[in-house]
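Bear in mind these aren't lab numbers, they're just calculated from the coordinates by the rules spelled out. Keep in mind that this is a model prediction, so the values were computed, not measured. Note that we place each Cβ from the backbone using ideal geometry, even for glycine, and neighbour counts take in every protein chain shown.
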Amino acid sequence: MTFAFAPSTNIVTRGPKPSQRLALVASFVLFACCLMPLRAASADALTRANAAYSRGDYVSAVRILTPLALRSNAKAQVLLGFMYENGYGAPQAYDAAVDLYFDAAIQGNPFGQGMLGLMYDKGHGVPRDVVLAYKWLNLAAAHAPRRERDYYLRLRNAVASKMSPAQIHEG
């Protein structure tokens, strides 16, 4: 979280008194310190969830990821969506996977965008729609880091091979 302070352009008025300035800075520091454990706890929970997944304890991974996903953590949403899509640690539920991928996708998460595109391509949990599949895979390629971009472009191009030029233009 970044905070910016703009300098005052009004020369006639005076700034806060030194005691008020100290109180303002102290309250800002207290506020910032209160937020830091939330981020650390979230990162720690993702680490624990990844460790549980790696050792095959999918039920624990789902249990750890669910509260994070409900608080709009995009990384947790895509991991949990993947687990629901494939039935790891929870019953296979394409509808739930699509909802989680969509929530992550609208936050700009490339994996969520790519997986949502594949769900539209396959018709899993949503009506099959190659135009929406193309759109989401194109967005995934645009937002992905360089090392992952080619993967999403190949998926997008595979979907494009099933489309007419008009559908590609629409996508």
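What ³J(HN,Hα) values, in whole Hz, does the Karplus curve 6.51 cos²θ - 1.76 cosθ + 1.60 give for the stretch 149-165 when θ = phi - 60°, with x put for Gly and Pro?
Result, rounded to whole Hz: 4, 4, 4, 5, 5, 5, 5, 4, 5, 5, 5, 4, 5, 9, 10, 7, x.
Ranked highest first by the average count of other Cβ atoms within 10 Å around their residues, in what order do 72-83, 157-168 fall?
Values: 72-83: 22.9, 157-168: 13.7.
Packing proxy ranking, top to bottom: 72-83, 157-168.
Please give the residues of the stretch 119-150, grouped as numeric ranges, whose backbone N is less than 14 Å from a label point set 7 Å along the Cα-to-Cβ vector of S164.
Under 14 Å, as judged by backbone N against the label point of S164, lie 130-131 of the stretch 119-150.
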